[in-house]
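Everything below concerns the one structure shown next.
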């Protein structure tokens, strides 16, 4: 601390803000990397991240549980959704929950059609990554 009254210099404040942003960006990067990793790498019991495959009855859920690529997309989407909802404020969180419900309706409308399900997941993942990018750029800090 320096200057009158123990105030920090403008350069010191900028360095602290920059350091905070760098640390936050590293946390986001770590979360994004973890989001792309599938917990099914060791053939764990049949389970997708956002629902229990043993209880899957809807055609879209059965398709996700029966297809490794779709299951991996589900794991990535659910992980990103969990991370993003913890990083945003309450108002934005409500919007994200509404968007997630819309995604689930769109996924259900796909039935068992893998190309449709893949497109729905990729669009949702892109939307969630855009929220992360916005947080990294402007931040909650």
For this session: Being part of a loop (DSSP other than H, G, I, E, B) and surrounded by fewer than 16 Cβ atoms within 10 Å (Cβ to Cβ) is the filter; apply it to the range 48-84 and report the residue that is modelled with the lowest pLDDT.
Result: 52
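Matching residues to (1) closer than 18 Å to residue 66 by Cβ; (2) surrounded by fewer than 16 Cβ atoms within 10 Å (Cβ to Cβ); (3) within 15 Å of the chain's Cα centre (by Cα); (4) at pLDDT 95 or above:
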residue	(1), (2), (3), (4)
87	no, no, yes, no
90	no, yes, no, no
123	no, yes, yes, yes
127	no, no, yes, yes
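The values are calculated or read from the model by the stated rules, or taken from the named source; none is laboratory data. Just so it is clear, the structure is predicted and the values come from calculations on it, not from any experiment. In this analysis, Cβ positions are derived from the backbone assuming ideal geometry, glycine residues included, and neighbour counts consider all displayed protein chains.
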